[in-house]
Amino acid sequence: MPEELDALAALPVRSVTFMHGETIIAQGPTPDESCLVVGGMALRSQATHKPEPIVSALHIPGDFVDLHAFVLEQLDHAVIAQGACKVQFVKREHLVEITDRFPHLTRLLWMLSLVDAKISRAWLTAAATLRAKERIGHMLCELHTRYGMIGFVKDDGFPMGLEQKDLARIFGFSRTHVNRSVQELRAAGLLEWERGHVHLPDPERLKKMSHFDPGYLEVVRVRR
């Protein structure tokens, strides 16, 4: 609704650009601000007993990366910049005010958290059921769909803030395994990947090969 968009646009924000590897939000006590990605990519990072943390989510422009902090006292993860990442911080008090004024907007923000949870379950399912080439294809299809929702896809190409070494870290594969899988996708005519940009020559065939169903990403209109 126009009044909701106007209220969002009027929110006072603090804009910050983080460089690659910098911590946007630290694990631990929740900050008094919520964070919206407006440029670049960020990773949700889960600390483990091992030196290397686990990446549990990718965040692209339009993602509120920590709506959990709106209601929780502790964050069990950090948010890290993947490349240069521009974000806007909004004070919790301003979100409380706007959600009190616009109940429908509250439901939409809640929906974002629910979709975030659906993505986590889809990742878990993919990890348990798909081979390396299929998992990489599944993630590429997810990014293609999510970037398409915000108008960042052109001729089935979209910005790619990850490198092969990052996929190895996200999936827990060796770099050799990732490289072999990427080469297989290229040889099959399913992937063109240059630094900073991915093109999917045949998205529908890649979806079929990767067992990708975009239903878990669907944004539906929330009833008032």
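The values are calculated or read from the model by the stated rules, or taken from the named source; none is laboratory data. Since we're looking at a predicted model, the values are computed, not measured. Every residue, glycine among them, receives a Cβ derived from its backbone with ideal geometry; neighbour counts consider all protein chains shown. Accessible surface areas use protein heavy atoms only, side chains included; no ligands, DNA or RNA. Shrake-Rupley method; radii C 1.70, N 1.55, O 1.52, S 1.80 Å.
Points worth noting:
- Residue 169 meets the conditions (1) open to solvent by 70 Å² or more (accessible area, probe 1.4 Å); (2) of a type outside the set (Asp, Glu); (3) over 19 Å from residue 82 (Cβ atoms) in every case but one. The failed one is (3).
- Positions within region 172-195 being assigned to a loop (DSSP other than H, G, I, E, B) and open to solvent by less than 40 Å² (accessible area, probe 1.4 Å), in sequence order: 189, 190, 191
- Residues that are among the small types (Gly, Ala, Ser), within 29 Å of residue 9 (Cβ to Cβ) and under 14 Å from the mean Cα position of the chain (by Cα), drawn from region 37-77: 39, 40, 42, 57, 62
- In region 50-97, the qualifying residues are those that are among the small types (Gly, Ala, Ser) and closer than 21 Å to residue 29 by Cβ, and the one that is modelled with the highest pLDDT is 81.
- Residue in region 129-143 that is modelled with pLDDT of 95 or more, out of contact with any Phe, Trp or Tyr (no Cβ under 8 Å at 6 or more places or on another chain) and either closer than 25 Å to residue 66 by Cβ or of a type in the set (Ser, Thr, Tyr) (or both) present: yes
- Residues of region 76-107 that are farther than 23 Å from residue 217 by Cα and in contact with an Asp or Glu (Cβ under 7 Å, 6 or more places away or on another chain): 89, 90, 91, 92, 102.
- Subset of region 21-52 [open to solvent by less than 30 Å² (accessible area, probe 1.4 Å) and either basic (Lys, Arg) or within 23 Å of residue 171 (Cβ to Cβ) (or both)]: 24, 37, 41, 42, 43, 44, 45
- Taking the numbered list (1) among the aliphatic types (A, V, I, L, M); (2) touching a Phe, Trp or Tyr at 6+ places or on another chain (Cβ under 8 Å); (3) part of a helix (DSSP H, G or I) in turn, residue 209 passes all entries but (2).
- Of all residues in region 140-158, one or more are within 16 Å of residue 213 (Cα to Cα), assigned to a helix (DSSP H, G or I), touching a Ser or Thr at 6+ places or on another chain (Cβ under 7 Å) and open to solvent by less than 40 Å² (accessible area, probe 1.4 Å).
- Scanning region 210-224 for residues that are open to solvent by 40 Å² or more (accessible area, probe 1.4 Å), touching a Lys or Arg at 6+ places or on another chain (Cβ under 8 Å) and at pLDDT 95 or above turns up nothing.
- Residue list for region 138-178, filter: under 16 Å from residue 217 (Cα atoms) and not hydrophobic (A, V, I, L, M, F, W, C): 138, 142, 144, 145, 146, 147, 148, 151
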